[in-house]
Amino acid sequence: MLAVTTVTLLLVMAMAMVRGFAGPSIFDRVLAANLFGTKTVLLIAVLGFLFGRPEFLDIALIYALMNFISVIALLRYFEYSQKAEKGSSAND
């Protein structure tokens with residue numbers, strides 16, 4: 001059953017990568033990156049359970065925090081860069 005879960009997570013991660021590369025807007029790409037990061041956390045947790053290594057859960061939690069902070073930072077960056085572009089085009 002864990003093998004099926006691992007394969008399914010890898011399939012969903014591949015679909016998120018495709019969506020990230022083909023996304024029409026930057027927000028779609030950031031959302032795909034967030035989905036990929038979330039599924040990576042789940043994959044690390046499943047592999048930790050599969051190999052009997054409970055310390056993998058600590059790694060998964062750290063990765064989840066890094067994923068959350070990086071997505072928020074990216075969204076803030078793109079939000080402010082779009083506001084700056086609108087402000088500079090209004091002055092032209």
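Summary of computed values
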item: Checklist (1) on the phi < 0 side of the Ramachandran plot; (2) surrounded by fewer than 14 Cβ atoms within 10 Å (Cβ to Cβ) applied to Val46, failing item; result: (2)
item: Extreme residue, nearest to Ile69 (Cα to Cα), among residues of segment 6-50 that are aromatic (Phe, Trp, Tyr) and out of contact with any Leu (no Cβ under 9 Å at 6 or more places or on another chain); result: Phe36
item: Residue check for Val7: surrounded by fewer than 16 Cβ atoms within 10 Å (Cβ to Cβ) and either assigned to a helix (DSSP H, G or I) or modelled with pLDDT of 95 or more (or both); result: yes
item: Cβ pairs under 8 Å, 6+ apart, first in segment 69-80 and at pLDDT below 90, second not in a helix (DSSP H, G or I); result: none
item: Residue that is farther than 29 Å from Met1 by Cβ, surrounded by fewer than 15 Cβ atoms within 10 Å (Cβ to Cβ) and not hydroxyl-bearing (Ser, Thr, Tyr), where the choices are Glu79, Glu55; result: Glu79
item: When residues of segment 1-53 are limited to those that are among the polar types (S, T, N, Q) and free of Cβ contacts under 8 Å to residues at least 12 places away in the same chain, the one farthest from Leu74 (Cα to Cα); result: Thr8
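The values are calculated or read from the model by the stated rules, or taken from the named source; none is laboratory data. Computed from a predicted model, the values in this text were never measured in an experiment. Methodologically, a virtual Cβ is constructed for each residue, glycine included, from the backbone with ideal geometry; neighbour enumeration extends over all protein chains shown.
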